[in-house]
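Here's the structure we're looking at; comments come further down.
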Amino acid sequence: MQSSTVVVGPGGVTAEDVIAVARGGARIELSAEALAKVGASRRFIDELAAKPEPVYGVSTGFGALAVRHISPELRARLQRNIVRSHAAGMGPRVEREVVRALMFLRLKTVASGHTGVRPEVLRTMADVLNAGITPVVHEYGSLGCSGDLAPLSHCALTLLGEGDAEGPDGVVRPAAELLAAHGITPVELREKEGLALLNGTDGMLGMLVMACADLARLLTSADITAALTLEALLGTDRVLAPELHAIRPHPGQAASAANMLKVLAGSGLTGHHQDDAPRVQDAYSVRCAPQVAGAGRDTLAHARLVADRELAAAVDNPVVLADGRVESNGNFHGAPVAYVLDFLAIAAADLASVAERRTDRLLDKNRSHGLPPFLADDPGVDSGLMIAQYTQAALVSEMKRLAAPASVDSIPSSAMQEDHVSMGWSAARKLRTAVDNLSRVVAVELYAAARALELRGRSEDAAVGTPAPATRAVVDAAHAAGIGGAGEDRFLAPDLAAAERFVREGGLIAAAESVTGPLA
């Protein structure tokens, strides 16, 4: 069901627009200004196409074949052929939300009036998205320069009524059948149009925008689970004082510390770190939680800045300028986007790593300050959460491998014409896996910390004090969401799956905010 409408004009789109179209099925409307600007730029292309002088992308071949002048009677075939030949992806299908983001962002650039396509191409792109038709795009084929060529080519192929696509019912059928069923006439490409549909960073940018949204939620979720763990370990919240973070003025660090402090407000369990087994300081994984998560927040802020700039960009080669000039350029290179995709994978891996260390501390009787081994009901007979931590450790290990940057690699292509590429698509694909895994890692810490707090309430620790109102609300909401509490060993995978859903769908944040108010 389409839940909203996004109006696309010549000035770019927002991250919220991308999410609305990719995940929310928002309907697209084209502004009159965009259609007028697209029509005006097309007139420049038509004028150049009529001249005898060769113009790249209009009356020449492409890439290393740009030296050939193409006669007028062959130009429609040229544009059709570039789409067909470049739709050379292989491997598994890419997720529907990624393809919709990819198509929408190409539409955004076409609407800028800098690509030289006709207005009917723009309208057809919007019609396909509004019909819920999703081209089949494959995992492999993009080097991130000139943009995401193979993925965009598979999308362009659908506009021509060729190749395969998924209908709104989820069934893959020939694109021609789907277009006909929705009353959409296939596009017959003219000069410059095939090239304009392929030359952009749209796939990697769409995945960046969605990853930023997911990581913002996960960073707040990790602050909440870190607070639960600190409380379950009878740690001190004095390290979260605003004046301590003010003297190292990283904004992300201050935000994470403030979140944890809000969650722990009113706790009777914090501050007992010097009672029976005195600790001068909590372990780094607990005490430095705001510093690690805060660094991730600041990295995310930079990534969003890059994404916003790219969302305002018109990425194509050649481009049509306002004065009618058609100029070659290198704006399609994915380096700016690829770098931040890699930065985020590093931040996600480190956040997962510190969360796993906190979980391990909760399960180790020598470091958990009175909790039973592995949070088991009857240690020895019961194994408790021993293997849940194994799963978490396996996820973290995978995330460390995924944190190896893709953007430092380059493999020459197109007969050395494209001799330095960004690998931004690859950076985006591995970041999606890292974000999924981070949801699972945070879910395991939540599960362990909630059980630990429940066990504190059943033991002599109840005389020390009770958990904070916000943490009690989280534990209660977790149980209501199907996440089991303490007790004898049981089939654990369903509990972990419920915890993952609770984190991924925002239930964890909603439960905490029901007491704390909005968290950063």
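The values are calculated or read from the model by the stated rules, or taken from the named source; none is laboratory data. All values derive from a computational prediction rather than experimental measurement. Every residue, glycine among them, receives a Cβ derived from its backbone with ideal geometry; neighbour counts consider all protein chains shown. These area figures cover heavy atoms from the full protein model, side chains too; ligands, DNA and RNA do not enter into them. Shrake-Rupley method; radii C 1.70, N 1.55, O 1.52, S 1.80 Å.
For segment 300-355, the set of trypsin sites (Lys or Arg not before Pro) satisfying both a DSSP loop assignment and a count of at most 16 other C-beta atoms within 10 Å is given as ARG325.
Rolling a 1.4 angstrom probe over the protein heavy atoms with all chains in place gives segment 242-328 an accessible area of 49 Å² per residue.
In degrees from 0 to 90, rounded to the nearest 10, what is the angle of the helix 202-232 Cα long axis to the longest principal axis of the chain? The answer is roughly 0 degrees. Under Stokes-Einstein, with the Kirkwood radius over Cα pairs as Rh, the value for segment 389-520 at 25 °C and 0.890 mPa s is 141 µm²/s. What is segment 335-442 by shape, rounded, prolate or oblate, if you read a ≥ b ≥ c off the alpha carbon gyration tensor as root eigenvalues and call it rounded for a/c under 1.5, prolate for a/b larger than b/c, and oblate otherwise? Verdict is prolate for segment 335-442. Principal-axis analysis of the Cα atoms of the chain puts helix 75-86 at an angle of about 30° to the longest axis. Please work out whether segment 454-520 counts as rounded, prolate or oblate from its C-alpha gyration tensor, where a ≥ b ≥ c are the square roots of the eigenvalues and a/c under 1.5 means rounded, while otherwise a/b larger than b/c means prolate and anything else oblate? Taking the square roots of the gyration eigenvalues as a ≥ b ≥ c, segment 454-520 is oblate. The Rg/Rh ratio of segment 93-214, with Rg taken over Cα atoms and Rh as the Kirkwood radius over Cα pairs, comes to 0.94.
The H on the amide N of GLY485, modeled in the peptide plane, is under 5 Å from the matching H of no residue at least 5 residues off or on a different chain.
Computed per residue of the chain from DSSP H runs no shorter than four, each worth -39500 (n - 2.57), the mean residue ellipticity at 222 nm is -17500 deg cm²/dmol. The angle separating the long axis of helix 493-504 from the principal Cα axis of greatest extent in the chain is about 60 degrees. The residue list ALA211, GLY194, VAL239 was ranked by how far each Cα lies along the charge dipole of segment 119-275 toward its positive end, using unit charges on Cβ atoms, and VAL239 comes out on top. Modelled spin labels at LYS400 and HIS302, positioned 7 Å past Cα toward Cβ, are 2.3 nm from each other.
Compared with the rule-of-thumb size 2.2 N^0.38 Å for a compact globular protein, segment 248-376 has a Cα radius of gyration ratio of 1.64. Separation of segment 174-230 from segment 321-398 is 23 Å, based on Cα centroids. Net charge of the neighbourhood of VAL319, taken over other residues with C-beta under 11 Å away and scored Lys/Arg +1, Asp/Glu -1, is 0.
Ranking LEU74, ILE45, VAL121 by how far each Cα lies toward the positive end of the dipole of segment 4-150 (charges on Cβ) leaves LEU74 at the top.
Please state the shape class of segment 1-98: rounded when a/c is under 1.5, otherwise prolate if a/b exceeds b/c and oblate if not, all from the C-alpha gyration tensor. It is oblate, given that a/c is not under 1.5 and a/b is not larger than b/c. Work out the charge dipole of the chain with +1 on the Cβ of Lys and Arg and -1 on the Cβ of Asp and Glu about the Cα centre, then indicate which of LEU160, SER383, SER368 is farthest towards its positive end. Of LEU160, SER383, SER368, it is LEU160. The antiparallel fraction among DSSP beta bridges confined to the chain stands at about 65%. Residues whose amide H falls under 5 Å from that of GLU29, counting only those 5 or more places apart or on a different chain, are VAL6, VAL7, VAL8, with hydrogens built in the peptide plane. For segment 57-192, a simple Cβ point-charge model (Lys and Arg +1, Asp and Glu -1, everything else neutral) yields a dipole of about 480 debye relative to the Cα centre.
Under a point-charge model restricted to the Cβ atoms of Lys and Arg (+1) and Asp and Glu (-1), what is the dipole moment magnitude of the chain relative to its Cα centre, in debye to the nearest 20?
Dipole about the Cα centre, nearest 20: 800 debye.
The number of Lys pairs in the chain with C-alpha atoms less than 23 Å apart, excluding pairs fewer than 8 positions apart on the same chain, is 6. Suppose a student asked you for the relative contact order of the chain, using Cα pairs under 8 Å spaced at least 6 residues apart; what percent would you report? RCO, the chain: 16 percent. Output needed: percent of Cα pairs per 20 Å distance bin for the chain, bins running from 0 to the one holding the longest distance. Histogramming the chain at 20 Å steps yields 22, 45, 25, 8, 0 percent. Taking R0 as 56 Å, what FRET efficiency do you get between LEU244 and TYR140 from their Cβ-Cβ distance, rounded to the nearest 0.05? Efficiency, from the Cβ-Cβ distance: 0.70. Averaging the Cα positions of each part gives two centres, and for segment 242-264 and segment 483-518 these lie 25 Å apart.
Loop-located trypsin sites (Lys or Arg not before Pro) in segment 1-108 (DSSP state other than H, G, I, E, B) with a sparse environment of at most 16 neighbouring Cβ atoms within 10 Å: ARG23, ARG68.
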